[in-house]
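I have placed the structure first, in the form of structure tokens, so that the comments after it can refer back to it.
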Amino acid sequence: MPLEKTEAVILKSFNWSESSRTIHFFTREYGRISLIDKGGRRIASRRGRLLPFTRLEVTFYQSKKESAGYISDTTALETFSLDGDGELGRLAYASAACELLFMLLPEQEANPSLFGYFLSFLGKNSSTEKRFLPAVFVTFFMRLLSGLGFHPSVSFCSGCGKKSEEIEKSGSRILFSPERGGLICAACQKPGEYYIQLSGESTRLLGTLQRASLGEAETLPIGYEEATVLIEVLTKFLKYHSGMKSDLKSLEFLEKLKKSQFNI
Ligand SMILES: [Zn+2]
């Protein structure tokens, strides 16, 4: 059986016996793939450890009789440390990024540019100052959406194309429709439709972050409260357009921490 080798980051793993598990990876060459890690949970397992939030080199083989492949060996190439100031926030955002990729990436479709962007995100999420963490995550979230064909209209009315600044200047409420995929001006509103109301500041931030690089996001200190509003808008939009059923578990964890007054 020929061995294949690829760079990969773990997205999720499912244990199905005391010693074995299935691991879902985002890989540079094959996109999202799942591989069986037979015996890998044993402490005495001889091959390299499978660490989360780490750029790994994974060697695997595809069995002809079965659909899933098997891990042969792994080497850690680069670990994105989550230690230090804002550790729990870093962990929550890195976990949420993995959760999103697991839910949204099609299986076995290579997307090397998105893989590279994901590695850049993990790097920034590890190294940036705590106050820039929310902006870095929201920027990643918006770029991921656009890269996969879900592009919320946050600078223009999605009905008539009116600019967000003009909607704000006209004095009417700024509303976002998850169903119609963007902002809706007063003239395009329909009775009975569900909207999320946004402040002028939130709307401007969404527009800025949608165009920002991860490096530019590192200059925008937005608070966790503001970030929560933006993430809620994006998650509701995504639920409507991708069929994603639940909220992001990793971010619920962040909310719980905040509610318990824990210093993140
Ligand atoms: Zn309109």
Need one number: nm distance between label points at residue 64 and residue 172, each 7 Å from Cα along Cα→Cβ, rounded to one decimal. 6.6
I'd like to know how the stretch 60-153 sits against the 2.2 N^0.38 Å rule of thumb: what's its Cα Rg over that expected value? 1.27
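At 0.36 nm per residue, minus the direct Cα-Cα distance, what do residue 110 and residue 255 gain on full extension? Give it in nm, one decimal, please. Present the calculation step by step, with values, prior to reporting the outcome.
Values: separation 145, 0.36 × 145 = 52.20 nm, distance 3.34 nm.
Full extension from residue 110 to residue 255 adds 48.9 nm.
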Total charge of the residues flanking residue 237 in space, meaning their Cβ is under 12 Å from its Cβ, with Lys and Arg +1 and Asp and Glu -1, is +1
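Give me the number: length gained by fully extending residue 38 to residue 81, i.e. 0.36 nm times residue separation minus the C-alpha to C-alpha distance, one decimal in nm. Display every interim value, and only then the final one.
Details: separation 43, 0.36 × 43 = 15.48 nm, distance 2.69 nm.
In short, 12.8 nm is gained.
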Just check the stretch 1-79 against the gyration tensor rule for me: Cα atoms, a ≥ b ≥ c as the square roots of the eigenvalues, rounded for a/c under 1.5, and otherwise prolate or oblate depending on whether a/b exceeds b/c. rounded
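With N set to the residue count of the stretch 156-204, report its C-alpha Rg divided by 2.2 N^0.38 Å to two decimal places.
Details: Rg = 9.5 Å, N = 49, 2.2 N^0.38 = 9.7 Å.
Expressed relative to 2.2 N^0.38 Å, the Cα Rg reads 0.98.
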Calculate, in nm to one decimal, what residue 194 and residue 72 gain on full extension: separation in residues at 0.36 nm each, minus their alpha carbon distance. 38.9 nm
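What is the stretch 71-209's relative contact order, in percent, from Cα pairs under 8 angstrom and six or more apart in sequence? The partial results should precede the final answer.
Details: 126 pairs, mean separation 25.2, N = 139.
Reported as a whole number, the value is 18 percent.
Taking every pair of alpha-carbon atoms in the chain, give the share separated by more than 31 Å as a whole percent.
Counting pairs separated by more than 31 Å, the tail of P(r) holds 32 percent.
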Row for the stretch 136-237, column shape: gyration tensor on C-alpha, a ≥ b ≥ c, rounded if a/c < 1.5 i.e. under 1.5, prolate if a/b over b/c, else oblate; value prolate
Once you place label points 7 Å from the Cα toward the Cβ at residue 163 and residue 224, how far apart are they in nm? 3.6
HN-Hα couplings for the stretch 118-132 via Karplus (6.51, -1.76, 1.60; θ = phi - 60°), in whole Hz with x for Gly/Pro, come out as 4, 5, 4, 4, 4, x, 5, 4, 7, 9, 6, 5, 3, 5, 9
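All of the numbers you see were taken from the coordinates with simple rules; none came from a lab. Quick caveat: nothing in here was measured; it's all calculated off a predicted structure. With ideal geometry, Cβ positions are generated from the backbone for all residues, glycine too; neighbour counts draw on all protein chains shown.
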